[in-house]
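The values are calculated or read from the model by the stated rules, or taken from the named source; none is laboratory data. Computed from a prediction, not measured in an experiment: that's the story for all the values here. Using ideal geometry, Cβ is built from the backbone for each residue, glycine included, and neighbour counts are taken over all protein chains shown.
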């Protein structure tokens with residue numbers, strides 16, 4: 001009789017014992033949650049605070065742009081009104097001034113928009129990292145095995161977005177009141 005056949009009953013018993021101990025671990029329920037990250041980004045108090053800070057940061061440049069746009073509007077109206085009584089050199093000079101002012105307004109608008117977009121992207125990136133850290137902290141504290149940020153279908157039993165929003169608001173209020 002070969003060695004394998006001789007030890008087959010012991011091997012079968014060993015495998016049965018191994019599977020009997022592994023079965024309860026495999027049958028253990030996983031705690032899974034789904035978070036709607038865009039919803040959190042939209043509703044988190046940090047988002048409003050970041051956007052308010054950006055608005056305050058860019059307000060002086062917005063006023064500068066508005067003043068130049070008003071100056072362009074006034075100059076355009078004045079040239080249209082006075083064009084009939086202007087001499088050729090005066091009209092040429094006014095049109096050059098108008099072109100230069102238009103270029104400056106366009107430049108100011110483009111620079112403003114580019115800088116604002118850059119800063120918004122920076123702030124939204126920081127905000128997203130902060131919110132994801134909040135989700136990780138919450139998931140660990142609540143004993144989640146898996147938290148997913150995007151799903152095709154979400155059952156209300158695993159959607160933890162509202163709980164996350166409340167936790168984020170609570171943490172924000174606690175840190176901002178210090």
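Scanning segment 71-88 for residues that are out of contact with any helix residue (DSSP H, G or I) (no Cβ under 7 Å at 6 or more places or on another chain), modelled with pLDDT under 90 and under 21 Å from residue 103 (Cβ atoms) yields a count of 2.
Considering only segment 115-135, I want to know if a residue exists there that is at negative phi and touching a strand residue (DSSP E or B) at 6+ places or on another chain (Cβ under 9 Å). Yes, segment 115-135 contains at least one residue that is at negative phi and touching a strand residue (DSSP E or B) at 6+ places or on another chain (Cβ under 9 Å). Residue 109 falls short of the stated requirement of being in contact (Cβ under 8 Å) with a residue 24 or more places away in the chain, surrounded by 12 or more Cβ atoms within 10 Å (Cβ to Cβ) and under 12 Å from the mean Cα position of the chain (by Cα). All but one of (1) more than 30 Å from residue 76 (Cα to Cα); (2) part of a helix (DSSP H, G or I); (3) touching a residue at least 24 places away in the same chain (Cβ under 8 Å) hold for residue 101, so report the exception by its number. Among (1) more than 30 Å from residue 76 (Cα to Cα); (2) part of a helix (DSSP H, G or I); (3) touching a residue at least 24 places away in the same chain (Cβ under 8 Å), the lone unmet condition for residue 101 is (1).
Within segment 157-175, the set of residues being over 14 Å from residue 131 (Cα atoms) and either outside any helix (DSSP H, G or I) or touching a residue at least 60 places away in the same chain (Cβ under 8 Å) (or both) comprises 157, 158, 159, 173. For residue 118, the criteria (1) in a helix (DSSP H, G or I); (2) exposed (fewer than 14 other Cβ atoms within 10 Å of the Cβ); (3) at pLDDT below 90 hold in every case but one, which is (3). Take residue 158 and decide whether it is in contact with a strand residue (DSSP E or B) (Cβ under 7 Å, 6 or more places away or on another chain), within 20 Å of residue 32 (Cβ to Cβ) and modelled with pLDDT of 90 or more. Taking the combined requirement at face value, the residue satisfies it. With respect to the stated conditions, residue 140 fails to be in a helix (DSSP H, G or I) and either surrounded by 13 or more Cβ atoms within 10 Å (Cβ to Cβ) or in contact with a strand residue (DSSP E or B) (Cβ under 8 Å, 6 or more places away or on another chain) (or both).
In the set (1) touching a helix residue (DSSP H, G or I) at 6+ places or on another chain (Cβ under 7 Å); (2) within 20 Å of residue 43 (Cβ to Cβ); (3) surrounded by 16 or more Cβ atoms within 10 Å (Cβ to Cβ); (4) in contact (Cβ under 8 Å) with a residue 60 or more places away in the chain, residue 154 fails one condition alone, (1). Among the residues of segment 160-173, is any surrounded by 13 or more Cβ atoms within 10 Å (Cβ to Cβ) and more than 30 Å from residue 40 (Cβ to Cβ)? Within segment 160-173 (the criterion being surrounded by 13 or more Cβ atoms within 10 Å (Cβ to Cβ) and more than 30 Å from residue 40 (Cβ to Cβ)), the answer is no, since none of the residues qualifies.
Considered as a group, the residues in segment 14-68 that are farther than 26 Å from residue 113 by Cα and either modelled with pLDDT of 95 or more or in contact with a strand residue (DSSP E or B) (Cβ under 7 Å, 6 or more places away or on another chain) (or both) include one that is surrounded by the fewest Cβ atoms within 10 Å (Cβ to Cβ), and that residue is 30.
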